[in-house]
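Have a look at the structure below, then the notes.
The values are calculated or read from the model by the stated rules, or taken from the named source; none is laboratory data. Quick caveat, the model's predicted, so the values are computed rather than measured. Note: ideal-geometry Cβ built from the backbone for every residue, glycine included; neighbour counts use all protein chains shown.
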Amino acid sequence: MTWRWSRSITKVMNEDDLSARLRELGHQPVPDTVREAHRQRMSTVDVPGAVRREKRFGRLAVAAAALVGFFAGSTGLAMAGALPDPAQGVAHDVLSVVQLQVPDKPDNLGRCISEAVKPFGDSDEPAAQEAKKDAKEACKAAHQPGRPDGVGRGNGSRGGPPADHPHAGDQCKGPPPWAGRDAPKPTPEERAQFRVDCPADVEDDAQEQEPAG
Amino acid sequence: MTEVYERLAPAVLGYFRSHRMTDPEGLTGDVFVAVTQRLAGFDGDDASLRRWVFTIAHHRRVDEVRRAARRPTQVDIDPDPGPVDDPQPIDPELVAGLRSLTDDQREVVVLRFVADLSVADVADVTGRSEGAVKMLASRGLDALRAALGDGRESSPGA
């Protein structure tokens, strides 16, 4: 037992001695010539971040250009009245703030007319016919593009488009009363009346057949 | 950077010498060039810095061994060239004894004692578990002791 214990001690002492010798391998000084060569190599290294390559166009610039192009194109479409009805209405409201006049959406002109003539039913009496005509005129006048109220929901005015509007003095320019997704289908009577009022815009209806009777 | 070099260059050079690399000085320079390039992005204490530098040294050594294996063998005529022609031989007996270890044992023993890394750091550098590192270190020391003959008897080429 004493022999085994002494062998263990010897082993530990040898291991310490061996590990010390190994550690000494990592503490030998670097020769001067080698150190100088290493320093010269390290001095020529380009450290990242010291020189930044300037980008011509950053991400923000590209995003800003895309937004400008989008709004410019959208404004152009709005001025031509080519946007979808809801978007056209929004564009009208927004751009009127910056004094840009764009056509308002053809907002329920057909519905206005149909509601206006409904009380008179299918009466053929002259008075009823006259009243219907007046009601239609009022709806058309109220739904002209470029009105200052921006919505054109019919204020009872018989007046035409504003004097500064491109269509001033000509109520037959622009979409017909039944234009738009929400507008009800016009009756033959309404179409006939529109042809009488605006004979120059009949090319779309020229192909339609008049209902019998 | 100068301080890092002065503190770690001797250990890195000893690491490559212990593995009997063909050009330990050149490899040490490669390591510190890489350290210079990447030091700005390093964030840690002294122990983690040492571990990081020896990770670079370990990878550099592995790359060099693979590159040497692909080279034509015309310059390696003698399969057992013996001790490397080192102008400043440092404990040649010990370095020769390390050749008797397996590659894994030698790597662990050199990182553990020559590079003075902890068991955890050696495990991190070599990608092994701490238990495996301890076992390799223990067996490596036993093999090294046997190669040295216990009684400090030289056994060149063992």
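The criterion of being modelled with pLDDT of 80 or more, within 14 Å of chain B (Cβ to nearest Cβ), out of contact with any Asp or Glu (no Cβ under 6 Å at 6 or more places or on another chain) and closer than 30 Å to B:Arg145 by Cα holds for A:Asp17. Those residues that are part of a helix (DSSP H, G or I) and basic (Lys, Arg), I need them from the range B:1-29; list them, please. Once the filter is applied, which keeps residues that are part of a helix (DSSP H, G or I) and basic (Lys, Arg), the range B:1-29 yields B:Arg7, B:Arg17.
For the range B:18-28, residues that are within 9 Å of another protein chain (Cβ to nearest Cβ) and within 17 Å of B:Leu117 (Cα to Cα) total 1. Counting the residues of the range B:34-47 that are of a type outside the set (Lys, Arg) and either surrounded by fewer than 16 Cβ atoms within 10 Å (Cβ to Cβ) or assigned to a loop (DSSP other than H, G, I, E, B) (or both) gives 9. Taking the range B:64-119 as the range and being at pLDDT 55 or above, β-branched (Val, Ile, Thr) and not in a loop (DSSP other than H, G, I, E, B) as the test, the residues that pass are B:Val65, B:Thr73, B:Val95, B:Val108, B:Val109, B:Val110, B:Val114, B:Val119.
Can you go through A:Val94, A:Val102 and tell me which one is surrounded by 10 or more Cβ atoms within 10 Å (Cβ to Cβ) and at pLDDT 75 or above? It would help to see each step written out before you state the result.
Working: A:Val102 fails: at pLDDT 75 or above.
None of the other options fit; the residue is A:Val94.
Within the range B:121-128, does at least one residue satisfy the condition of being of a type in the set (D, E, K, R), at the interface with chain A (Cβ under 9 Å from one of its Cβ atoms), within 17 Å of the chain's Cα centre (by Cα) and crowded, with 19+ Cβ neighbours inside 10 Å? There is no residue in the range B:121-128 that is of a type in the set (D, E, K, R), at the interface with chain A (Cβ under 9 Å from one of its Cβ atoms), within 17 Å of the chain's Cα centre (by Cα) and crowded, with 19+ Cβ neighbours inside 10 Å.
Report yes if some residue within the range B:30-45 is touching an Asp or Glu at 6+ places or on another chain (Cβ under 9 Å), at pLDDT below 95 and more than 9 Å from chain A (Cβ to nearest Cβ); otherwise report no. No, every residue in the range B:30-45 fails to be touching an Asp or Glu at 6+ places or on another chain (Cβ under 9 Å), at pLDDT below 95 and more than 9 Å from chain A (Cβ to nearest Cβ).
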